[in-house]
Every structure is written in C-alpha cells, then in structure tokens.
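Asks: The structure's right below; bear with me while I get my questions together.
What follows draws every value from the coordinates through simple rules; no lab data is involved. This is a predicted model, so every value here is computed, not measured. Neighbour counts run over all protein chains shown; Cβ positions are idealised from the backbone, glycine included.
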Amino acid sequence: MLVIFFSPKAYDLQKDIAGYKMLVKSFRIPNKKTLFALGSVAVLAIAGICAGLGTSADAKAANGQPTNDLVIVLDAGHGGMDGGGTTADGVPEKGINLNILLNLRDLLRVAGYQVEVTRDIDTSIHDKGIEGIANQKSSDMDNRLALFNKYDNAICISIHQNLFTDPKYSGAQMFYSDQVEGSQELAKILQETFVENIQPENTREIKLSGKELFLCYFSENPTVMVECGFLSNPDEAAKLQTEEYQKEIAFSIFSAINEYSSL
Ligand SMILES: [Zn+2]
C-alpha cells in the first residue's frame, strides 16, 4: 500500500512559484478578475524571490500592500487516525486533502491573503487528554469549527474527496449550507471555476446540505465543502494523487476565492 506523508517543512515555495507560473501559462483565462489575480501573484512572487523573502507577510511589506482583514480559513479533511475515504488501492483521502491545502495556502499567501489552516501535517486536532476515537473525532471537529468562526470576516474552504459505490462517477462538487449568506454564491463560483479550468465535462450542480455537514452548517462565515473528485473512480483517483493535478485543483480554488472576494 502506498503511504503518503506530506511534510510542510519539505515544501519548497520558490520551486512552487515557478510551478505555478508554468501552470498559469497552460490555463485559459476566464475573466479579467482572474487575469488580475495572476498578475498580482506574478508580481508578488517575483518580488518575494528577488528580496530573498520566505513569507507572504514580508512579500506584502516589500510591495507596500495593505493587509486586508479578510481571512481565508482552509481545512484539510480528516487527518491522523481518521484517513477519510480511500482509493481501491487503499490510499487515504487525508493526504490528498492536505497536499491540495498546502498548495492553496502558499498560493493565497503569495497573493497577499491572510490564511489560517486547521492542520498542516497529518494529524487530528483534538484537545490533548481526550480519550476514545469518537470523543477525539468530536473534539477535532469542534476545534475545526472554532477556527472557522474565529474571525468576523472569513471565507472557509473544507477540502475533501468523494466516494461512491459505482466507480463510474467522477468530477468535483461543491456542498454548502443556507445558514450563512454568501455560501451559495461561493459554491457556485467554485463549481464554475473547476469546470472552466480543469473539468470541462463536469455537469454537476452545487448541493445544499443540512446539519450532516457539520462545518458547513454551523460555520458563521461563507463556507464551502469542496469535494474535488471521486476516489472510487480509478482514473480520477490516479489523477488526484499526482502533484500536477493537486496544483491545478489548488489553483482553481484560488481563482474562485479571488473572484468571490472581489465581488
Ligand atoms: Zn472527506
């Protein structure tokens, strides 16, 4: 069985900026807002590299960019003892979610966003001292929700992979709740951006969820659960494990966040 371990320390931002530039070249530009975003990323990335800076805060300072009070909260689903869904080969969802999150986090930071993440390693984030898997899972979800609701002006994205009994189904789908204004619009933009950028065959529609999607329902900020694709589809599962496709997904989510935040 393939074991995936993602270390944030091993993540090479500078290498990835070059990677994003290559990626940008291969993308269709859907609208002016995205074009502006790409320009901002390129300018910030070049400034960051030239100044030998490693953090987005430094990159922002180098460019005299004001700090926006909007916070992007990113959640990589599952982690630690909870692997989430698995491919037919037994590869767990948790590592794919995390790798997409790390790509997205760095892209957003380079573009000047303030970003918070629920986890940046393979771990559950339950409180110390909690015993029993069910209690740990409950504490873990409470702590994720606490971060979603920590800021008054946030956009929250929870990254997951889908599963179904029939392996023929594929494609990303966005889930949202009607408890907070903005979640539906964010879901719509995310769905459209996935179709425009990487999944032209995808005809799925955004899906309204209830309390069963805990984070979506109880979040007090616009929140979308992004199901990036189906691990139960062998072709899509293979793609979802590649670095290149994970970067494409991260870029699509980034583009959608940028479009939503500029409305
Ligand atoms: Zn999941």
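Asks: If you bin every alpha carbon distance in the range 134-181 into 5 Å steps from zero, what whole percent lands in each bin?
Replies: 5, 13, 17, 20, 18, 14, 9, 3, 0
Asks: Work out the length of the dipole vector of the range 171-263 about its Cα centre, built from +1 on the beta-carbon of each Lys and Arg and -1 on the beta-carbon of each Asp and Glu, and round it to the nearest 20 debye. The partial results should precede the final answer.
Replies: Values: 6 positive and 16 negative charges, 32 e Å.
Once rounded to the nearest 20, the dipole reads 160 debye.
Asks: Among L101, P167, Y151, whose Cα projects farthest towards the positive end of the dipole of the range 72-181, with charges put on the beta-carbon of Lys, Arg (+1) and Asp, Glu (-1)?
Replies: Final value for the positive-end residue is L101.
Asks: Same structure again: Once the Cα atoms of the range 171-263 are picked out, what are the Rg and Dmax in Å?
Replies: In order Rg, Dmax, the Cα atoms of the range 171-263 give 13.2, 37 Å.
Asks: Can you check what the net charge comes to around D152, using other residues whose Cβ is under 15 Å from the Cβ of D152 (Lys, Arg +1; Asp, Glu -1)? Before the final figure, lay out the partial values.
Replies: Details: positive: K150; negative: D69, E116, E181, E220.
Within the 15 Å Cβ shell, the charges total -3.
Asks: Further, regarding this structure: Within the range 111-263, how many Lys pairs sit with Cα atoms under 23 Å apart, leaving out pairs fewer than 8 places apart on the same chain?
Replies: Close lysine pairs found across the range 111-263: 11.
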